[in-house]
Amino acid sequence: MSIRSSTSCLLLVLLTSVAFGDGVTLPAAERVVLANGTVLILNESHDVPLIGLRAIVRGGAAADPIDKHGLAALFADLLQKGAGERSSADFAEAIASVGGKLDVAVGLESVNISASFMAKDASFMVELVSDMLLTPLLDSKEFSALRDRSINLIKAAKGSNPGQLMSSYANAFLFGNHPYGNPVGGSESSLAKITHGDLIAYYADMVGSDRLIVSVSGDFEIPAMQEALTTAFGDWRPAAKPLQELEAPLSADSSRVFLIDKPGATQTYFHIGNVGVARSFSGRAELDLANTIFGGRFTSMLVTELRTKSGLSYSASSKLSRNAQPGSVFISSFTETSTTTAALDVALATLNRLHDGGLDEAMIASSRNYVMGQFPTRFETAGQLAGHFASLEANGLDSSYINGYGDSLSSATVESIAAVIDAVYPGPDELVFIILGDAKLVREQVAPYGPITEISLSRPRFHP
């Protein structure tokens, strides 16, 4: 990296691009740190007359108060309900009038704004995004409507599609009171406790310039964009409270079962897993190859065993959540109530086979081709590039995380992948089972897998 001075910033770094072994190159970008802590990342490209923007506010659902989960999610939703001098309808109309796109999403560790506009509307895009962050309306009526809608959506899912809630139950049981156990969208109980005053306090306490990363990629001149963003965000105040430093969650050291009772259910949903690894895990390429083979595509081991061969499920997958600290690794599937133990046993046998040298050169070659084929498509648009630059910054990673990926995939071997499998995927005596179904019919079936903690699906929270 090279460093040079700038009158509008404390630090300006040129991120140099490095060739990627499979023909993908992360382009150069300039990194600017404003005096108030806001980080700007600017990638200029004139291939098409479009601009993509990603703004990240570090914090997210992991920073929710322990009894008010869903607060960050409500804040993210409200950002799209009016800002500056524009009402909710006016704000939506302003975006539509120029054919732009502007969305907000919340994750465990951040609130994310994604924008895509024509190059000629760059100034307008910056205006809208800065209004959202600096002068959101946070209207009390809109807040009440969104909170009530969120509660009703959870209730509706419990009635018609409880599988949608499995990740919330699984994380709550696995991580407990660790912030990674927070349900991102909240629970019926926690959402009901959140007031409009809580939302206003959250904005003052947890949202500010010191948490902000703004990444822009596309058809613009860097000096002009830097000036526009500095004018827009350079005088913004920092968040009033410090962001909590997250500790690594503890893995379960013995098997246990969380049973969510839905009387009359004709299907059993299940997650099986434990704590996995962080985003910075050094064996990322090997893990991606292993997970693709195990449960990351339609021809995976889990799909083959649970769907194709046995007909016990319509689908199955293995899911990895990699955060700043270790996230989760889960097998996920569902089956008819009468075949609950059969499906669980097939999933466990497949996991054991993964551990016991279940991968060969042909499987790895197929997985490598699949992953290498998918990877370049994540860098095709200005919006995607802006998102990658922002994510690297938010997670303390540099360009080698992208540019070195192809070489890491190419150099992965049966032995290195096997070592990663043993390090990441839980063994048979350290499995956490989250099972949702008719407890009266499956309670005795699942008892051999570990001590059972049981709750009713009607309970208005996800934590046991």
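The values are calculated or read from the model by the stated rules, or taken from the named source; none is laboratory data. Fair warning: this is a prediction, and the values are worked out from it, not measured in the lab. Here the Cβ is made from the backbone with ideal geometry for all residues, glycine too, and neighbour counts use every protein chain on show.
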Check: Do we have any residue at all in segment 362-382 that's within 20 Å of G276 (Cβ to Cβ) and under 20 Å from the mean Cα position of the chain (by Cα)?
Finding: yes
Next item on the list: Show the residue pairs that are 6+ apart or on different chains and have beta-carbon atoms under 8 Å apart, the first residue being within segment 382-393 and in the same structural domain as R54 (by TED's automatic domain parsing) and under 15 Å from F117 (Cβ atoms), the second being modelled with pLDDT of 95 or more and buried (at least 24 other Cβ atoms within 10 Å of the Cβ).
Entry: none
Note to self: Condition check: out of contact with any helix residue (DSSP H, G or I) (no Cβ under 9 Å at 6 or more places or on another chain), more than 22 Å from G60 (Cβ to Cβ) and surrounded by 15 or more Cβ atoms within 10 Å (Cβ to Cβ). Does A145 satisfy that?
What the structure shows: no
Checklist line | L392 vs. criteria within 24 Å of the chain's Cα centre (by Cα), under 30 Å from P49 (Cα atoms), surrounded by 20 or more Cβ atoms within 10 Å (Cβ to Cβ) and at pLDDT 95 or above | finding: yes
Notebook entry, point to check: Can you pull out the residues in segment 66-79 that are in contact with a helix residue (DSSP H, G or I) (Cβ under 8 Å, 6 or more places away or on another chain) and in contact (Cβ under 8 Å) with a residue 60 or more places away in the chain?
Noted result: D67, K68, H69, G70, L71, A72, A73, L74, F75, D77, L78
Item checked: Residue ranges of helices (runs of 4 or more DSSP H) in segment 99-194 with at least 1 members modelled with pLDDT of 95 or more, more than 28 Å from R237 (Cα to Cα) and within 22 Å of the chain's Cα centre (by Cα) -> 140-160, 166-175, 188-193
Item checked: Residue among V432, V446, V424, V414 that alone is under 14 Å from A265 (Cβ atoms) and assigned by TED's automatic domain parsing to the domain that holds T335 -> V446
Next item on the list: Out of P376, P426, report the one residue that is assigned to a loop (DSSP other than H, G, I, E, B) and either in contact (Cβ under 8 Å) with a residue 60 or more places away in the chain or within 16 Å of L359 (Cβ to Cβ) (or both).
Entry: P426
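Yes/no matrix, rows are residues, columns are (1) closer than 30 Å to T38 by Cα; (2) under 26 Å from the mean Cα position of the chain (by Cα):
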residue	(1), (2)
A386	yes, yes
S400	yes, yes
D407	no, yes
E415	no, no
G427	no, yes
I434	no, yes
K440	no, no
R443	no, no
P448	no, no
